[in-house]
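None of the figures in this text is laboratory data; all of them are computed from the coordinates on show. No experiment lies behind these values; they were computed from the predicted model shown. Cβ: placed from backbone, ideal geometry, glycine included. Neighbour counts: every protein chain shown.
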Amino acid sequence: MTAAYKGFLLLSIIKMIVIFTIVMIGVALLTLMERKVSAWMQNRRGPNRVGWAGLLQPAADGIKNIVKEETFPGEANLGIFTLAPAMAFIPALLLSAVIPWAAPLTVNWDANLPLLGAVSYHGSLTMALTDLPVGFLFVLAISSLGVYGIALAGWASNNKYSLLGGLRSSAQMVSYEVAMGMSLIPVLLLTGNVTFQQIIQSQQQGLWFVLPLFISFFIFLVSGFAETNRLPFDLPEAESELIAGYHTEYSAMKFSMFPISEYANMATVSAMVVTLFFGGWDIPFTSWDQNGGLLAMLATAVVMFLKVLSFLFFFMWIRWTLPRFRYDQLMALGWKVLLPLALVYIMVTAIAIWIIEQVGGVTDTRVKMFILFGLNLVLGYVVFFLMDRGHIMSGSYRASSNLDAGSRRARQAA
Amino acid sequence: MSIGVKVLKRPERQVSYVRAALKGMALTFKHMFQPKVTMQYPEEKSTSDERGQYTISPRWRGTHRMLADEQGRTKCVACGLCPQICPANCIKLVPGEDEEGNRYPLIYEIDEFRCVFCGYCQEVCPEEAIHVGVHFENSEYSRDRFVYDLERLSSPEHSVSTLWDPTDPKGE
């Protein structure tokens, strides 16, 4: 092994440990944050007994969950029943490996370590665990694996409510994945690349993509909510209908794995939204954050953390505001609204970019994005003000009118 | 048609999910900064609340108290009305009589597990001796501790319940 290879491996392992630790502690604290935010929104105080302001509450919950008895339903398929929590949990964690959490750090490192020998690393060190050339395609692929954990958990429990929850989740996640993937194509069109590094770079040169690609951002966010099974799309859980859906039969740490993977998924989707639409670790209106120094790396890490945190708060805010969708409304929203909207938006963006570049002859990225931003203002007005008046997002109305027609026909026949 | 059901037509136009959602979010956000209503129980108690925010009703019927007269003797004359009226049959009374002919309870026990806290004993008592009290913290480590004898009924200091007055039904 060469010194450079060993240096790369060593630094990767260090990054792995740091990211894993931060994500796991962050997920634990997210459970506390969720309870605190829900409490504040209901004029309560939330957990404040364990540790200062309840900060040790996740630790207490963890100890409780580990010490509790593991129960197995009598007729369950034990192998899959035990495997399912891990299958939900691992994809959620895997995703944190590819997101760039800070600006790359320029490293010039030569050392002679005991046991390892000479190690060295020269050049720019990316602050994602690995900067995959397939970028967000990897995220889309892995996030769709998460559905197996939930669907299998529901099936292996041998309980009708669990099975319904598992079925709902597989249908829901498969439906919204389509809209999610389609909503990212305009990002591709604008960047010309799928790697996160390139996406962040083009946002630094132009605008944050939330402005020129607002509809994309909206579709991605809504599908993200559905993908993480959060309210208003938490039909797999749906405690008022399905007891607890797919994790009804789980107890102790196996149960706890499902909330952990849900929060890890939330963190990943938030990080994805931030990276794709809010400039990633970019500090707005500055350029010193790209100079590769240690200070820039730390500052961008903090900024990234704040951005992700604000989106996590947004997730919780939505959860404690909106009621759950009815199942047919959920499907109607995914297939009849978000998917066509995403497809039309791809067309509009592609044509707009072609006109701006080929007909208008604009080469400056920032000007290009400002023109797209103007277009998005118009599109946003059309979508959210002209069409959103009982035309879209009301699967309920159409379904009930069909039902009326059906019953009228039945009455006539009788 | 036996029951009149008013069927409302769902609004079709001028409704917007996005705007309704934003409105709801503004509401929940506003609630985050409103004063909290939680009572921090072991530190704050509804029986001794200075701010008067969580005070429980003076008519609350909780743990019993046996009152004493000015000489410190228990007021009870062992007339036997309270075990007679008690619907849960939780009062055990053995009467005694001293040399001067004054009746007093030899044994007076209330089983707080059987008690339904109806307050009839307080209502029926001619001497205003037994009362239900404004108090609710009765946890113990063993079951037999819930049979309160005369000493434990006489020692507590909590205030006694106000009886419902038929001439003043709302307590004004």
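Model label points for A:A141 and B:R59, set 7 angstrom from Cα along the Cα-to-Cβ axis, are 7.2 nm apart. Close amide-amide hydrogen proximity is noted between B:V160 and B:V134, each under 5 Å apart and 5 or more residues distant or on a separate chain (H modeled in the peptide plane; Pro and chain starts excluded).
In this entry, the protein assembly as shown is assigned a mean projected area of 44.8 nm², taken as a quarter of its C-alpha convex hull surface.
Which FRET efficiency value, to the nearest 0.05, do you get for B:E43 and B:V5 by plugging their Cβ-Cβ distance into 1/(1 + (r/R0)^6) with R0 = 45 Å?
With a Förster radius of 45 Å, E is 0.35.
Under a model in which nothing but the beta-carbon of Lys, Arg (+1) and Asp, Glu (-1) is charged, segment A:5-117 shows a dipole of about 460 debye around its Cα centre.
Just to verify a number: FRET efficiency for A:K64 and A:M24, C-beta to C-beta distance, R0 = 25 Å, to 0.05?
After rounding to 0.05, the efficiency reads 0.90.
Electrostatic bookkeeping for A:W52 treats Lys and Arg as +1 and Asp and Glu as -1; over the other residues with beta carbon under 15 Å from its beta carbon, the sum is +3. The overall shape of segment A:85-222, judged from the alpha-carbon gyration tensor, is oblate: a/c is not under 1.5, and a/b is no greater than b/c.
Could you calculate the FRET efficiency of B:D111 with A:L55 from 1/(1 + (r/R0)^6), where r is the beta carbon distance between them and R0 is 30 Å, rounded to 0.05?
Rounded to the nearest 0.05, the efficiency is 0.10.
Taking the C-alpha atoms only, the angle from helix B:17-32 to the longest principal axis of chain B is near 40 degrees. Between B:N102 and B:R143, how many nm apart are label points set 7 Å from Cα along the C-beta direction? For B:N102 paired with B:R143, the spin-label model returns 3.9 nm. When peptides B:20-27, A:93-100 are ranked by their average number of other Cβ atoms within 10 Å per residue, the highest-first order is A:93-100, B:20-27.
With N as its number of residues, chain B has a Cα radius of gyration that, divided by 2.2 N^0.38 Å, comes to 1.65. Legend: mean number of C-beta atoms from other chains within 10 angstrom of residue C-beta atoms, peptide A:344-355, equals 0.
Database remark: amide H of B:Y104 closer than 5 angstrom to the amide H of B:G96, B:E97, B:D98 (H placed geometrically; neighbours at sequence offset of 5 or more, or on other chains; Pro and chain starts carry no H).
Per-residue 3J(HN,Hα) values for segment A:101-107, derived from phi via the Karplus relation 6.51 cos²θ - 1.76 cosθ + 1.60 with θ = phi - 60°, read 8, 7, 5, x, 10, 7, 10 Hz in sequence order (x marks Gly and Pro). Within the straight-line cut-off of under 19 Å between alpha carbons, the aspartates and glutamates reachable from A:K160 are A:E75, A:D234, A:E237, A:E239, A:E241, A:E249, sequence neighbours fewer than 8 places apart in one chain being disregarded. Restricting segment B:115-172 to chymotrypsin sites (Phe, Trp or Tyr not before Pro) that sit in a DSSP loop and have at most 13 other Cβ atoms within 10 Å of their own Cβ leaves B:Y141, B:W164.
The modelled label-to-label distance for the pair B:F33/A:E75, using points 7 Å beyond Cα in the direction of Cβ, is 5.6 nm. Between the residues B:I56, A:F370, A:A111, the greatest Cα displacement towards the positive end of the dipole of the protein assembly as shown, with unit charges on the Cβ of Lys, Arg, Asp and Glu, is found for A:F370. In the protein assembly as shown, a dipole from Cβ-located charges (positive for Lys and Arg, negative for Asp and Glu) runs towards its positive end, and of B:P35, A:F225, A:L295 it is A:F225 whose Cα lies farthest in that direction. Summing Cβ point charges (Lys, Arg +1; Asp, Glu -1) relative to the Cα centre of segment A:48-182 gives a dipole of roughly 360 debye.
If we count GluC sites (Glu not before Pro) as exposed when they sit in a DSSP loop and have at most 10 other beta carbons within 10 Å, what is the longest stretch of chain A that avoids them all? Excluding the exposed sites themselves, the longest stretch runs over A:76-414. Farthest toward the positive end of the dipole of the protein assembly as shown, out of A:G51, A:L132, A:N193, is the Cα of A:N193, where the dipole comes from beta carbon charges about the Cα centre.
The rule of thumb for compact globular proteins, 2.2 N^0.38 Å, goes into the C-alpha radius of gyration of segment A:1-82 1.69 times.
Backbone phi angles across segment A:218-234, fed through the Karplus curve with coefficients 6.51, -1.76 and 1.60 (θ = phi - 60°), yield HN-Hα couplings of 4, 5, 4, 5, 5, 5, x, 4, 5, 5, 8, 6, 9, 4, x, 10, 8 Hz in residue order; Gly and Pro are listed as x.
Rounded to the nearest 20 debye, the dipole magnitude of chain A is 880 debye, with +1 charges on Lys and Arg beta carbons, -1 on Asp and Glu beta carbons, and the Cα centre as origin. Pairs from the list A:K36/B:K45; A:K68/B:K30; A:K36/A:K336; A:K307/A:K368 with a Cα-Cα gap above 32 Å: A:K68/B:K30; A:K36/A:K336. Scalar couplings 3J(HN,Hα) for segment A:342-352, obtained by applying the Karplus form with A = 6.51, B = -1.76, C = 1.60 to θ = phi - 60°, are 5, 5, 4, 5, 4, 4, 4, 5, 4, 5, 5 Hz; x denotes Gly and Pro.
Diffusion coefficient of segment B:62-154 by Stokes-Einstein, Kirkwood radius over Cα pairs, 20 °C, 1.002 mPa s: 159 µm²/s.
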